[in-house]
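Presented below is the structure to which this report refers.
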Amino acid sequence: MKRIEPFENRIWLSSPTMHGEELEYMTEAYESNWMSTVGANIDEVERLTCETTGNRYAVALSSGTAALHMAVKLAGIKPGDRVFCSDMTFSATVNPVLYEGGVPVFIDTEYDTWNMDPQALEKAFEKYPEVKAVILAHLYGVPARIDEIMKICDSRGAVLIEDAAESLGAAFMGRQTGTFGRYNAISFNGNKIITGSSGGMFLTDDEEAAARVKKWSTQSREAAPWYQHEEIGYNYRMSNVVAGVVRGQYPHLAEHISQKKAIYERYKEGLRDLPLKMNPFNGKEAQPNYWLSCLLIDETAMCTQTRTAESASYISGAGKSCPTQIMETLAEYNVESRPIWKPMHMQPIFRSNELINSGIYGSRDSGADIFNRGLCLPSDNKMTAEQQEIIMDLIRSCFEQAEMI
């Protein structure tokens, strides 16, 4: 392999791509003095979100986590209530359950989509038929088997909540994610497919639910001439300034997805001769937004890798590698990559919470296996094809090294 110099400017996993309109709408908010949680930008972002996703109602909030919290509250979760949750996800999917005193029960992951396993969910309902809510995350912009999961929830009378934080613009059988659940959430965090630097959106077709969320998110102020409150409220409303950024991003959603898809396909083609696979999806059913490109090293090509709670080490061998080696190699060249989301059942805070798997993989927890062998690759829209080729050369080199680290 030819000598490679570290990149002068860091190659990020995913960072915002700005276009100019964002500043125009932020300036409009500034000059009109609508800097708070009301204004034209908020109204327009809610309208654009409904137009894009197909939901009837959207409520602009401070984060995707806030939207999930409102969804859990609407689902009527009370202290001690079990809630079925995706296992392989970010903790923001699960934390809102704890806000309301609920008890997360984690549903194992399937290999076909890296999302919630419908067979494991069915098994979970057999054990806990009283459960009244399921929170499903669409991982890395790839839709889950949402038709099967929705059918299971409907048959059990359970509320389905979609965490579509990572999957804005992704679709299943032509229908956008974030429209299958009764209550749903998307995120505009700084690394998402479109961004507001922060912010999120609550989505629903239920007019009354949308009205309640809008009230709750503005400290539950009653319609009185003074500040009157009859229930607990939250400071969750999106600001008109943040909404200006999101408003400027929305026209570029399709462009961003196209760029992300090109990155995914270059990785898939360029790494095809290595013993690994890209994060999977069923192209006949699912249309991902390709938010992050990820790899999964074949079991037979995994070198010895040891992870503790806060560190990792490995022993490489010819023809073998592991996520830790690749990540450390890329970091030496000023390139960011990250491990796959560590499953919730492996997190110290949830050590006493239950994981339910389908049994089709034997006693194996598939989420733990994917975490062990998987890695999120740099997927920044601003990365050039030439830079990506260099990154792939670095990945190839990891399978050729044989040294102890």
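The values are calculated or read from the model by the stated rules, or taken from the named source; none is laboratory data. Just so we're clear, the structure is a prediction, and the values are computed from it rather than from any experiment. Positions of Cβ are backbone-derived with ideal geometry, glycine not excepted, and every protein chain shown enters the neighbour counts. Protein only, heavy atoms only, side chains kept; ligands, DNA and RNA dropped before computing areas. Shrake-Rupley method; radii C 1.70, N 1.55, O 1.52, S 1.80 Å.
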Check: Excluding ligands, DNA and RNA, what is the solvent-accessible area per residue of the stretch 310-352 at a probe of 1.4 Å, expressed in Å²?
Finding: 48
Item checked: Theoretical ellipticity at 222 nm over the chain - DSSP helices of four or more residues, -39500 (n - 2.57) apiece, nearest 500 -> -10000 deg cm²/dmol
Checklist line | Flagged links, alpha-carbon separation over 18 Å, of K73/K132; K151/K192; K192/K382; K151/K214 | finding: K151/K192; K151/K214
Check: Peptides 182-189, 85-92: what's the order by average Cβ count within 10 Å, highest mean first?
Finding: 182-189, 85-92
Margin query: Give me the percent relative contact order of the stretch 272-359, please, defined on Cα pairs under 8 angstrom at least 6 residues apart.
Written below: 17
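Below 8 Å between Cα atoms, with a sequence gap of 6+, how large is the relative contact order for the stretch 223-343 in percent?
Working: 83 pairs, mean separation 17.4, N = 121.
Contact order relative to length: 14 percent.
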Item checked: Karplus 3J(HN,Hα) series, Hz, for the stretch 22-33 with 6.51 cos²θ - 1.76 cosθ + 1.60 (x for Gly, Pro) -> 4, 5, 4, 6, 5, 5, 4, 4, 5, 6, 8, 6
Check: How far is helix 118-127 tilted off the main Cα axis of the chain, in degrees rounded to 10, range 0 to 90?
Finding: 60
Item checked: Using alpha-carbon coordinates, inclination of helix 323-332 to the longest axis of the chain, degrees -> 90
Next item on the list: Give the peptides 37-46, 146-155 in descending order of average Cβ contacts within 10 Å, highest first.
Entry: 37-46, 146-155
Margin query: Give me the tail of P(r) for the chain as a percent: Cα-Cα pairs with distance above 32 Å.
Written below: 37
Next item on the list: Please provide three numbers in whole Å: the alpha-carbon extents of the stretch 274-405 along the principal axes, with the largest listed first.
Entry: 44, 41, 28
Check: Which distance in nm do the two modelled labels at H229 and E332 give, with both placed 7 Å along the Cα-to-Cβ direction?
Finding: 5.5
Margin query: Per q in 0.22, 0.24, 0.26 Å⁻¹, report the Debye log10 I(q)/I(0) for the stretch 1-72, using one uniform scatterer on each alpha carbon and no solvent.
Written below: -1.17, -1.22, -1.24
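Rounded to the nearest percent, how much of the accessible area of the chain (1.4 Å probe, protein heavy atoms only) is carbon and sulfur? Before the final figure, lay out the partial values.
Details: 8670 of 17350 Å².
Percent of accessible area from carbon and sulfur atoms in the chain: 50.
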Checklist line | Rounded to whole Hz, the Karplus (6.51, -1.76, 1.60) HN-Hα couplings of the stretch 247-252, x for glycine and proline | finding: 4, x, 7, 3, x, 9
Note to self: Relative contact order for the chain: what percent, with Cα pairs under 8 Å and sequence separation of 6 or more?
What the structure shows: 23
Next item on the list: Would you mind working out the accessible area per residue for the stretch 40-174, using a 1.4 Å probe, and quoting it in Å²?
Entry: 31
Next item on the list: Multiply the residue gap between R221 and D393 by 0.36 nm, knock off their C-alpha separation, and tell me the result in nm, one decimal place.
Entry: 56.2 nm
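What area, in nm² and to one decimal, does the C-alpha convex hull of the stretch 177-315 cast on average over all directions? If you can, show how the numbers build up before the last one.
On the way: hull surface 55.1 nm².
In nm², the orientation-averaged hull projection of the stretch 177-315 is 13.8.
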Next item on the list: Between E285 and T384, with labels modelled 7 Å along Cα→Cβ, what's the label distance in nm to one decimal, could you check?
Entry: 4.1
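If I11, I257 are ordered by their accessible area, calculated over protein heavy atoms with a 1.4 Å probe, which sequence runs from highest to lowest?
Working: I11 10, I257 30 Å².
Reading off the accessible areas and sorting them downward yields I257, I11.
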Next item on the list: Could you tell me which of rounded, prolate or oblate describes the stretch 34-127, using a ≥ b ≥ c as the square roots of the eigenvalues of the alpha-carbon gyration tensor, with rounded for a/c under 1.5 and, failing that, prolate when a/b is larger than b/c and oblate otherwise?
Entry: prolate
Margin query: Against the 2.2 N^0.38 Å scaling, with N counting residues, where does the stretch 256-300 land? I'd like the Cα-based Rg ratio to two decimal places.
Written below: 1.18
